[in-house]
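Derivation of every value follows stated rules applied to the coordinates shown; laboratory data play no part. Since this is a predicted model, take the numbers as computed values, not measurements. Cβ coordinates were reconstructed from backbone atoms using ideal geometry, including for glycine residues, and neighbour counts include every protein chain displayed.
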Amino acid sequence: MNQKLVSVMQLLSAVCGVSSSVSYQYHFVNEEKSWTEAQSYCREIHTELATINNMEEMKNLNASLKDKTRHVWIGLEKGNTGKWLWSLADGNFHSEGDAHRNWSQGEPNNKGGKEFCVVMKKSDGTWADDSCEELHPFMCYDEKKTNTDRYRLIKETKTWRDAQSYCRENFIDLVSVRNQTENQQVYTAGQALTDDCFWIGLFNDSWKWSGCGL
């Protein structure tokens with residue numbers, strides 16, 4: 001079902017974000033509203049539906065909602081266009097505006113309108129978009145290691161999301177590729193595979209925060 005349609009049909013409580021010069025604050029609204037109604041309420045009474053920028057804010061929000069309700073609206077909504085982002089969303093790792101891409105010819109093509117995750121081809125190290133539900137081996141990133149040892153090839157096949165979870169639980173995340181040197185290193189590490197390709201950490205994300213955040 002279309003996400004925007006779901007947001008209109010369902011009635012949930014909401015969490016508003018309250019602007020603060022010290023830190024983000026959250027205000028629980030114990031009234032059932034559609035997402036659009038909750039957005040309007042928060043903008044009129046407070047600042048905006050809650051925005052969550054990091055794990056600390058997530059923990060603060062969870063603490064403020066303890067024993068209140070199971071489901072609440074926050075300010076995340078589906079946009080019309082997506083951006084290619086790395087799973088490892090760490091500002092210390094990625095430089096702002098980092099846009100290295102190594103697409104195969106004709107890629108990304110979003111075949112069937114459902115290709116939102118990226119594989120690296122074993123044949124030449126170029127990239128292609130693929131359905132996130134496909135099963136592929138994958139490459140994890142381990143920041144505790146140095147040089148090429150940080151690239152951990154996992155030959156077990158998983159969906160992109162399951163591969164992401166595995167890498168985050170056992171290492172750091174799915175591998176990111178910031179430049180041509182790293183692309184060559186990841187490509188080399190992937191040559192031990194018999195498969196044609198493997199997941200890397202790039203995905204297309206069309207979710208956005210309501211308004212401009214707090």
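Here are the numbers for the structure shown:
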| quantity | calculated |
| --- | --- |
| Simple spin-label estimate for Leu153 and Asn54 in nanometres, 7 Å along Cα-Cβ | 3.6 nm |
| Local electrostatic count, Asp195, Cβ distance below 9 Å [Lys/Arg +1, Asp/Glu -1] | +1 |
| Virtual spin-label span in nm between Gln105 and Asn179, 7 Å along Cα→Cβ | 2.8 nm |
| GluC sites (Glu not before Pro) within region 109-214: DSSP coil, no more than 14 neighbouring Cβ in 10 Å | Glu133, Glu143 |
